[in-house]
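Notes to accompany the following structure.
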Amino acid sequence: MGRPVIGITPNYEEEERIGIVTDLGTSGQDWNYIAGDYTSMIEKAGGIPVILPIADTQYIDDVLDSIDGLLISGGSDVGPELYHEFPIPELGKVNTRRDMYEVALIRRAFERDIPMLGICRGIQMINVALGGTLYQDVVKQLNVLPHSTPHYPRNTGWHEVHLTEGSMAEKIFGKSSIMTNSYHHQSVKKACNGSVITGKTSDGIVEVLEFPEKRFAVAVQWHPEMMYDSAEQLLLSEAFIKSCK
């Protein structure tokens, strides 16, 4: 069997933000784009990465027919209206078009039991799409230290994640705790039905969600794609790719 095809959800930006993203293109365009770390990680783990642009939800089954696994990537904040909360002042930029497309994509992929990996915003989006809720800002709402820092290189682990004994995450990494990077200010609050929290930091932030009834559905709060040069961090994407074959 050849390498499995992995669909990756991209960031989505409209014209008014394009100056931040790139100096290419012209007036009136919108953009689907992804950091090269994601595609490099999938390639190194044994898959073929493809970007899944934001499209009409009526084509979701056709999109899912064309891939073997789905990676929900990082990006902007998740709109709190999806879990029936009012936005707080600390909420960052929200893109409702991306939110609504990913909700539909995630729900249908779960119905079809397509292997899925969520990263950073991905864990938040999967949780919300399936009925969970989020902390809109962990510093404000949980009174913890920031979980995002510009002071470390992106491929350096600087905080510890404790893994539940017997969990898939513990089996994948072969140990009860790992060092990870961290670039987020939202996190899982109430975990969605069907999920199990199997990783946390010492200050209680949810770092891993697993769905034991699915072929492979794991979501993490850190950025393993930024650490794909680490043999330990590559274990997660390798396990994901293996499940897609």
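The values are calculated or read from the model by the stated rules, or taken from the named source; none is laboratory data. Since the structure is predicted, the reported quantities are computational estimates derived from the model, not experimental observations. Don't worry about glycine lacking a Cβ; one is built from the backbone with ideal geometry, like all the others, and counts go over all protein chains shown.
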task: From the list S243, S237, pick out the single residue that is of a type in the set (S, T, Y), surrounded by fewer than 22 Cβ atoms within 10 Å (Cβ to Cβ), in contact (Cβ under 8 Å) with a residue 60 or more places away in the chain and outside any strand (DSSP E or B).
output: S243
query: Which one is farthest from P224 (Cα to Cα) among residues in the stretch 141-151 that are exposed (fewer than 13 other Cβ atoms within 10 Å of the Cβ) and out of contact with any His (no Cβ under 8 Å at 6 or more places or on another chain)?
result: N143
message: Consider the stretch 209-240. How many of its residues are more than 15 Å from L70 (Cα to Cα), among the aliphatic types (A, V, I, L, M) and out of contact with any Phe, Trp or Tyr (no Cβ under 9 Å at 6 or more places or on another chain)?
response: 3
message: Can you tell me which condition H159 does not meet? The list is (1) modelled with pLDDT of 95 or more; (2) under 19 Å from the mean Cα position of the chain (by Cα); (3) crowded, with 16+ Cβ neighbours inside 10 Å, and all the others hold.
response: (1)
- line: Subset of the stretch 117-165, residues charged (D, E, K, R) and over 28 Å from L234 (Cβ atoms), comes to D137, K140
Scope the stretch 218-235; condition hydrophobic (A, V, I, L, M, F, W, C), modelled with pLDDT of 95 or more and more than 13 Å from the chain's Cα centre (by Cα); matching residues: L234, L235
- request: From the list R154, R215, pick out the single residue that is at negative phi, at pLDDT 95 or above and in a loop (DSSP other than H, G, I, E, B).
  value: R215
- prompt: Among helices (runs of 4 or more DSSP H) lying entirely in the stretch 22-140, which contain 2 or more residues that are in contact with a strand residue (DSSP E or B) (Cβ under 6 Å, 6 or more places away or on another chain) and surrounded by 18 or more Cβ atoms within 10 Å (Cβ to Cβ)?
  reply: 36-45, 96-111, 121-129
- request: Go through the residues of the stretch 184-191 one by one and say whether even a single one is part of a helix (DSSP H, G or I), buried (at least 20 other Cβ atoms within 10 Å of the Cβ) and among the aliphatic types (A, V, I, L, M).
  value: no
message: Can you say whether H147 is within 25 Å of D99 (Cβ to Cβ) and modelled with pLDDT under 95, as far as the supplied structure shows?
response: yes
task: For the stretch 118-140, enumerate the residues that are closer than 16 Å to C192 by Cα and either in contact with a Phe, Trp or Tyr (Cβ under 6 Å, 6 or more places away or on another chain) or among the basic types (K, R) (or both).
output: R121, V128, T133
- request: Restrict the check to the stretch 26-39 and report whether at least one residue is more than 26 Å from C244 (Cβ to Cβ), in contact (Cβ under 8 Å) with a residue 60 or more places away in the chain and of a type in the set (S, T, Y).
  value: no
query: Which ones in the stretch 192-212 are out of contact with any Ser or Thr (no Cβ under 6 Å at 6 or more places or on another chain) and part of a loop (DSSP other than H, G, I, E, B)?
result: C192, N193, G194, S195, T201, S202, D203, G204, P212
